[in-house]
Amino acid sequence: MENLLQQIVNGLVVGSVYALVALGYTMVYGILGLINFAHGDVLMVGALVALQVATLLHKFWPGLHPLLILAISLGVAIPVCMLLGYVMERTAYRRLRNAPRLAPLITAIGVSFLLQTVAMIIWGRNYHSFPPLFPTIPLEPFPGVFITPVQVTILVASATLMVALIMLVNRTPLGRAMRATAENHRVASLMGVDTNKIISTTFILGSGLAAVAGVMHASNYGVAHYSMGFLPGLKAFTAAVLGGIGNLGGAMVGGIVLGLVETIGAGYIEQLSFGLLNSSYQDIFAFVILGIVLIFRPTGLLGERVSDRA
Amino acid sequence: MSITLLEAQSISKRFGGIQALAEVSLTIRKGEIYGLIGPNGAGKTSFFNVLTGAYTPDGGEFVFAGSELPTGKPHEVVARGIARTFQNIRLFREMTALENVMAGHHLRSDSTLWGILLQNRHMREEERLITERAYEMLRYVGIERFANTLSRNLSYGDQRRLEIARALATEPQLLALDEPAAGMNATETAQLRTLIETIRHDGVTVLLIEHDVKLVMGLCDRVAVLDFGKKIAEDVPAVVQRDAAVIEAYLGGGHHAH
């Protein structure tokens, strides 16, 4: 029982990171019909920039409070990723907006390689240990169930960000314009919406969330390196499809479900497979679940929202 | 009544081998209801698309309220004061009627990311005002009771009204209606006619594309007729109705007959 509870806690933590990244995928897909495969690498850039800033602060300001270091690192990483998202859309995707769908998709994969390579040139091929910015003593809310302060922060921060995003999309003029653009670019622009600006803003928002997710991911596992964005990116994309791509609620549900399935699965995979497989095969669960859901609900758990490109 | 609001100067547009618009010039005066008619494929909707910036014309320009209109940038054309509706309804289907109209108010609201992150009392006040105005607009076209209904669940006639409300929310000087009576029954058409007259009375100039000749002739101050992308007549309805070229275009053996 403690084991199950422990896996649920871990699953929620992993899942909320997936959810934050999935939101970026789903927002861009909802508005452009584009799967931005470079999105996972934005997470990587966020983590490595934060790592760089934290390392520099450590060096030149040894006594600085860890939480202040965290705040400053995030304060640099978020704008850097936002800028990256903007530049990515402006230079790589905007010209391809009316091209056949494969062109932007392949371009996105190209952007992903580019980001990884540039990161490898700057930060090298080695794993960097991410500085522990939180107290490392785990809390024990139930006997036998442990949760680290990093994990608590991840849960609280991602919940806050998701609520904020939902409010932004549903309650503000910007959100209204985003929904209008997602439904139909041309009509939105004929109602006075500058759709290019809205699309830029969407990339900026998604990249900001990815930066936060990157720092969370790196803090949770304690390492960062140039290709760390690939797997969480792929999982988050899976989460977005699982929940119904283009649908914000779906990305959140998909992320959490995927995180839970994966960690709970990893916890029991040995018993389930009679000792044949161990927990390093946990990724099997993510993709088996995706397959099953797509067979029975092709548009995902909460239904797909695709822009009407009339 | 005779101040020029919109002047189209030799507008041309080709699609491949088809000359959709061939040097179409026309003048719309402030405060009038101007009809644009013609057989199917005559170029009426192309004219709308070029006017509202959805397409860039191959030749010619529009002068609106004294200065040239930008081409190919719909949101800037809307900002200058031209709003439109669509022949086949294009509402934001996943939004409520109220939200559709509020989307039309987009130009008048602060929608930058910073504005929202630094949300203050001024912004909330603005949002409240926009909501109030959107309700007013729904009342104006007579569908206030459906404010919180998803637009895709509205009846056909009400969807048409909502499109007009959304277009009016952009506060246009010129409202361009693309076949607003299409698919309406006689009662709905009569109500629509009253609505268009009210809109004109409240100071908005109306450009109307319509198939319903009776509606056009009864409602419009002046009418232009397009045929194969060319303007073949422009005058008051009574004169246009008796114009030989127009009768030819509608009833005769088509383009080549005399």
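Since every read-out is calculated from the coordinates, none of them should be taken as a lab result. Everything quoted here is computed from the prediction, not taken from an experiment. Heads up, the Cβs are rebuilt from the backbone with ideal geometry, glycines too, and the neighbour counts pull from every protein chain shown.
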Of A:Leu32, A:Leu115, A:Leu272, the most mobile residue in a GNM of chain A (C-alpha springs, cutoff 10 Å) is A:Leu272
If one computes the Cα centroid of region B:1-72 and of region B:177-209, what distance in Å separates the two points?
20
If each K or R counts +1 and each D or E counts -1, the residues other than A:Val169 whose Cβ falls under 10 Å of its Cβ total +3
Name the residue, out of A:Ile122, A:Ile264, A:Ile72, whose mean-square fluctuation peaks in a Gaussian network model built on chain A with Cα pairs under 10 Å.
A:Ile122
Considering the alpha-carbon set of chain B alone, what are its Rg and its Dmax in angstrom?
19.1, 69
Could you tell me which of the pairs A:Lys197/B:Lys13; B:Lys13/B:Lys231; B:Lys44/B:Lys230 are separated by over 22 angstrom between their Cα atoms in the structure shown?
A:Lys197/B:Lys13
Along the Cα-to-Cβ line of A:Val87, 7 Å from the Cα, sits a label point; which residues in region A:105-124 have backbone N less than 12 Å from it?
A:115, A:118-119
GNM on chain B, Cα springs under 10 Å; top mean-square fluctuation among B:Met123, B:Met217, B:Met184 goes to B:Met123
Using all C-alpha to C-alpha distances in region A:128-229, build P(r) with 5 Å bins and read off the rounded percent in each one.
2, 11, 16, 16, 13, 12, 10, 9, 6, 4, 2, 0, 0
Mean projected area, convex hull of alpha-carbon positions in chain A, reported to one decimal in nm², is 17.4
Based on the inverse mean of 1/r over its pairs of different Cα atoms, what is the Kirkwood hydrodynamic radius of region B:154-258, in Å?
15.1
Rg and Dmax of the protein assembly as shown, Cα atoms, in Å?
28.7, 97
Check which residues have an amide H placed less than 5 Å from B:Lys230's amide H, if you skip close sequence neighbours.
B:Ala22
10 Å Cβ shell holding at most 14 others, DSSP loop, chymotrypsin sites (Phe, Trp or Tyr not before Pro): longest site-free stretch of chain A:
A:128-273
Could you give the dipole magnitude of region B:94-171 about its Cα centre, charging the beta-carbon of Lys and Arg +1 and that of Asp and Glu -1, in debye to the nearest 20?
140
When DSSP assigns beta bridges and you keep just the ones with both residues in chain B, what percent turn out antiparallel, to the nearest 5?
55
Counting other beta carbons within 10 Å of each residue's own, what order do B:Phe15, A:Phe130 fall into, fewest first?
B:Phe15, A:Phe130
Other-chain or far-sequence residues with amide H under 5 Å of B:Thr96's (modelled H)
B:Ser151
Any chance you could give the angle, 0 to 90 degrees and rounded to 10, that helix B:156-169 forms with the longest Cα principal axis of chain B?
70
In the neighbourhood of B:Ile232 defined by beta carbon distances under 10 Å, the net charge of the other residues (Lys, Arg +1; Asp, Glu -1) is -2
With Kirkwood's inverse mean 1/r over C-alpha pairs for Rh, give me the Rg to Rh ratio of region A:46-87, two decimals please.
1.04
Taking only DSSP H segments of four or more residues, each worth -39500 (n - 2.57), what value at 222 nm results for the protein assembly as shown once the sum is divided by all its residues, to the nearest 500 deg cm²/dmol?
-18500 deg cm²/dmol
Give me the percent of DSSP beta bridges within the protein assembly as shown that run antiparallel, rounded to the nearest 5.
60
Please list log₁₀ I(q)/I(0) at q = 0.18 Å⁻¹ for region B:94-171, using the Debye equation with identical point scatterers on the alpha-carbon positions.
-0.68
Mind sorting A:Leu258, A:Leu4 by how few other Cβ atoms lie within 10 Å of their own Cβ, fewest first?
A:Leu4, A:Leu258
